[in-house]
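See structure below.
The values are calculated or read from the model by the stated rules, or taken from the named source; none is laboratory data. These numbers were taken from a predicted model, which means no experiment stands behind them. Cβ placement follows ideal geometry from the backbone for every residue including glycine, while neighbour counts extend to all protein chains displayed.
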Amino acid sequence: MEQLVMRWRADGAVMPDEPDWGEFTCRTFDGTDGDRDRWVTIVCEGFGSDSWTRKGFDDCMNAFGKLENDKLFIVEKDGDPAATLAVIPNYETKEGYIHMVACRPKYQGNGLGTGLNAMAVRCLLGIGMKTAYLTTDDFRIPAIKSYLRAGFYPDIKDESHRERWDKIYGIIGK
């Protein structure tokens with residue numbers, strides 16, 4: 001099934017505070033194979049697939065242009081990789097793409113997605129993006145709730161999307 005699209009606009013957006021990570025730390029990608037492996041661990045477990053590799057990282061993260069290391073966030077707990085999110089900016093169009101948002105199941109429910117979404121919005125505003133988008137799946141309800149809190153909204157492309165969003169809003173009570 002085609003993924004849903006959510007959009008964000010800088011108009012009226014307020015710079016979120018730096019998240020309080022508590023017992024977690026958030027940092028940017030350091031470009032090493034070790035960080036590629038951390039990302040692979042997060043994405044494999046977060047998406048429930050063991051098909052991701054270092055090469056998959058390189059292919060995926062550079063598919064929209066060269067990855068800017070300071071726009072790929074990695075959250076850890078005591079050095080154990082927990083969650084990730086990347087901001088892929090298009091400086092020409094001033095539109096960002098929120099890419100590969102994932103959290104390992106053992107760390108879900110700790111507000112890491114909310115923190116990462118705040119980091120994404122801080123990044124988007126800080127580099128002058130006017131709009132941004134992301135793609136998601138209907139079943140990713142906690143992620144969708146977090147995206148909505150961060151200021152993203154559904155992009156209704158056709159009637160099937162409206163029906164899918166109506167069902168999602170029914171689940172989350174909106």
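Confirm whether T32 is farther than 22 Å from Y147 by Cβ and in contact (Cβ under 8 Å) with a residue 24 or more places away in the chain. Considered against the rule, which asks whether it is farther than 22 Å from Y147 by Cβ and in contact (Cβ under 8 Å) with a residue 24 or more places away in the chain, T32 comes out as no.
The residues of the range 87-107 that are surrounded by 16 or more Cβ atoms within 10 Å (Cβ to Cβ) and part of a loop (DSSP other than H, G, I, E, B) amount to a single one, R104.
Could you tell me whether D80 is under 15 Å from the mean Cα position of the chain (by Cα) and modelled with pLDDT of 95 or more? Write out each step before concluding.
Details: under 15 Å from the mean Cα position of the chain (by Cα): no; modelled with pLDDT of 95 or more: yes.
Against the criterion (under 15 Å from the mean Cα position of the chain (by Cα) and modelled with pLDDT of 95 or more), D80 does not qualify.
Among the residues of the range 113-124, is there at least one that is assigned to a loop (DSSP other than H, G, I, E, B) and on the phi < 0 side of the Ramachandran plot? Steps first, please.
At the first step, the residues of the range 113-124 found to be assigned to a loop (DSSP other than H, G, I, E, B) are none.
No: zero hits.
Within the range 74-86, can you find the residues that are surrounded by fewer than 17 Cβ atoms within 10 Å (Cβ to Cβ) and within 11 Å of V43 (Cβ to Cβ)?
Applying the first criterion (surrounded by fewer than 17 Cβ atoms within 10 Å (Cβ to Cβ)) to the range 74-86 yields 78-80.
Passing the criteria: none in range.
None of E92, E23, E18 is among the charged types (D, E, K, R) and in contact (Cβ under 8 Å) with a residue 60 or more places away in the chain except E18. Residues in the range 120-147 that are within 13 Å of the chain's Cα centre (by Cα) and free of Cβ contacts under 8 Å to residues at least 12 places away in the same chain: R140 alone. Scanning the range 21-73 for residues that are crowded, with 20+ Cβ neighbours inside 10 Å, within 15 Å of the chain's Cα centre (by Cα) and not in a helix (DSSP H, G or I) gives C26, F29, L72, F73. Counting only residues that are in a helix (DSSP H, G or I), surrounded by 13 or more Cβ atoms within 10 Å (Cβ to Cβ) and not basic (K, R), the range 143-165 holds 7 of them.
Just to be sure I understand, how many residues within the range 108-135 are surrounded by 20 or more Cβ atoms within 10 Å (Cβ to Cβ) and farther than 18 Å from D20 by Cβ? Steps first, please.
The initial filter retains those residues of the range 108-135 that are surrounded by 20 or more Cβ atoms within 10 Å (Cβ to Cβ), namely 112-113, 115-121, 123-124, 129, 132, 134.
The next check asks that each one be farther than 18 Å from D20 by Cβ; those that pass are 124, 129, 132, 134.
Of the residues in the range 108-135, 4 are surrounded by 20 or more Cβ atoms within 10 Å (Cβ to Cβ) and farther than 18 Å from D20 by Cβ.
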